[in-house]
Amino acid sequence: MSDYSIAKDRYAELGVDTDRAIARAAKYPISIHCWQADDVAGFEPSLGAGGDSGIMATGSFPGRARNGDELRSDMQQVLRLVPGAHRLNLHAIYAEPMGKPKPRDEVDLEQFSRWIDWAKECGLGLDFNPTYFAHPMASSGATLSSADENVRRFWIRHGIASRRIAAGIAKELGSPCVNNHWIPDGAKDSPADRWSPRARLRSSYDEILAESLPGCIDSIESKLFGLGSEDYVVGSYEFCASYTQANGVLLCLDMGHFHPTESVADKLSGLMQFREGLLLHASRPMRWDSDHVVLFDDVLRSVFLELARGKAIDRATVALDFFDASINRIAAYVIGIRATRKAMLYALLDPSDELRRLEREGKLGEKLALMEEAKTLPFGFVWEELCRRANVPAVGWMAGVDEYSKSVLANRN
Ligand code: RNT
Ligand code: ZN
């Protein structure tokens, strides 16, 4: 008997169909962020995220992608080592100007034509993000909430431009493009006026979202604090949850953007009573950082378990958001992508029906016992089978990273 057939029988005893779980877990797209490959630097000359942008990649591991060709090549190598359906998530700073670079507020579809051509060749869908950071116009720490009308208008134009690009991408690729808005706006310490910036942000989003653009699916991402916005974040969770609810756009929950003892998993059944979908940024908070490489840990498992138990996995749009410049970046990608896919599979293998029955019948001890036992079912063999069916390495994938590092990354100095 193969490892997999032993595992299949064990799960079947609990009423779980492993073949069905494998097929389902492989089909939900994971939108891979392009910015782990280059530490969120982007291709604009001499800008780069940096410390005043609210986000920062730390580390200096060699081999960072320096242009679109290198980034696409890295992505292709990553895709050889991860099972299931994927998309690629771009930021506006990854524009590749054909002639003279265009300013952020004039960026357009043409500058993404190389990405679009490549996505067509690979059969990948693309998602998009306006980049409201890493720019002189963001150096005051305020963008869409700025009291300086000149600054605020500049970023409104950028938001509008990003939506047109997203709609253009959707049309070119025949697949809706999620366009996620995140701003770094906030204050380091004790703002006297917490109200006006939020009122301005609300009206900025109203203007940005006014145009009807089929194919562009907007989302707005909240945050708790950032570098330089420790005390006050304009686009807080309450602001973003309320705005998106009132205006019919997606709320983006980044798993790194909450108080450490808060459960993102527990929010889902509340939020999703009132909205059809959600965007999830799979990420991992670590003390003050919100962007460590995603691991197959309790927190990630609990989020997907909640979605599975609520029969809502297909209502969540899943994207990744982490960046670590201190380890091999290809390995970082593969670890985080595989962890996210594993969490999907793990959740779909949950004996949810049986657990719910025990709970309904008041057998809470039995329920807890089964939850515990389920944790040590032979999950690994089912995961390996998913990889085999997807034609990617089940184990030993680091060899694919090492080989690529020697033949490609080592030549980037
Ligand atoms: C920052 C947000 C945001 C960014 C990316 C680069 O805290 O999580 O999603 O990480 O847009
Ligand atoms: Zn995020």
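Some notes on this structure:
- Residue list for the stretch 183-211, filter: over 16 Å from ARG153 (Cβ atoms) and either within 24 Å of the chain's Cα centre (by Cα) or modelled with pLDDT under 95 (or both): PRO184, GLY186
- Among the criteria (1) within 12 Å of ligand 1 (Cβ to nearest atom); (2) crowded, with 21+ Cβ neighbours inside 10 Å; (3) modelled with pLDDT of 95 or more, the one VAL318 does not fulfil is (1).
- Among the residues of the stretch 270-286, those identified as away from ligand 2 (no atom under 15 Å from the Cβ) and either assigned to a loop (DSSP other than H, G, I, E, B) or in contact with a strand residue (DSSP E or B) (Cβ under 8 Å, 6 or more places away or on another chain) (or both) are LEU271, MET272, GLN273, PHE274, ARG275, GLU276, GLY277.
- Residue within the stretch 8-15 that is touching a residue at least 60 places away in the same chain (Cβ under 8 Å), within 19 Å of PHE379 (Cα to Cα) and crowded, with 19+ Cβ neighbours inside 10 Å present: yes
- Of the residues making up the stretch 364-390, those that are free of Cβ contacts under 8 Å to residues at least 24 places away in the same chain and not in a helix (DSSP H, G or I) are LYS375, THR376.
- Residues considered: ALA65, ALA7. Of these, the only one that is away from ligand 2 (no atom under 16 Å from the Cβ), in contact with a helix residue (DSSP H, G or I) (Cβ under 8 Å, 6 or more places away or on another chain) and assigned to a loop (DSSP other than H, G, I, E, B) is ALA65.
- Taking first residues from the stretch 34-45 that are closer than 15 Å to HIS86 by Cβ and partners that are of a type in the set (Gly, Ala, Ser) and more than 16 Å from ligand 2 (Cβ to nearest atom), the Cβ contacts under 8 Å between residues at least 6 apart in sequence or on separate chains come to ALA37/ALA65.
- Given (1) away from ligand 1 (no atom under 16 Å from the Cβ); (2) closer than 18 Å to SER204 by Cβ, index of the condition ILE116 fails: (2)
- Within the stretch 73-119, the set of residues being touching a residue at least 12 places away in the same chain (Cβ under 8 Å), over 16 Å from LYS171 (Cα atoms) and basic (Lys, Arg) comprises ARG80, ARG104.
- Unmet criterion (only one of (1) away from ligand 1 (no atom under 14 Å from the Cβ); (2) farther than 30 Å from ALA187 by Cβ; (3) at pLDDT 95 or above) for ALA37: (1)
- Candidates ASP289, ASP297, filtered to the one that is under 24 Å from VAL40 (Cβ atoms), within 16 Å of ligand 2 (Cβ to nearest atom) and surrounded by fewer than 22 Cβ atoms within 10 Å (Cβ to Cβ): ASP289
- Looking only at residues of the stretch 321-338 that are within 16 Å of ligand 2 (Cβ to nearest atom) and small (Gly, Ala, Ser), we find that the one that is nearest to GLU221 (Cα to Cα) is GLY336.
- Across the stretch 234-261, the qualifying residues are those that are of a type in the set (A, V, I, L, M, F, W, C), within 13 Å of ligand 2 (Cβ to nearest atom) and free of Cβ contacts under 8 Å to residues at least 60 places away in the same chain, and the one among them that is nearest to TRP288 (Cα to Cα) is PHE258.
- Residues within the stretch 78-97 that are surrounded by fewer than 19 Cβ atoms within 10 Å (Cβ to Cβ) and modelled with pLDDT of 95 or more, tallied: 4
- Flag if ALA23 is modelled with pLDDT of 95 or more and closer than 30 Å to LYS311 by Cβ: yes
- Among the residues of the stretch 257-285, those identified as farther than 23 Å from LEU209 by Cβ, surrounded by fewer than 23 Cβ atoms within 10 Å (Cβ to Cβ) and of a type in the set (Gly, Ala, Ser) are SER263, ALA265, SER269, GLY270.
- Which listed residue, of ARG164, ARG104, is closer than 24 Å to ASN89 by Cα, of a type in the set (Lys, Arg) and within 16 Å of ligand 1 (Cβ to nearest atom): ARG104
The values are calculated or read from the model by the stated rules, or taken from the named source; none is laboratory data. Keep in mind it's a predicted model, so treat the numbers as computed, not measured. Positions of Cβ are backbone-derived with ideal geometry, glycine not excepted, and every protein chain shown enters the neighbour counts.
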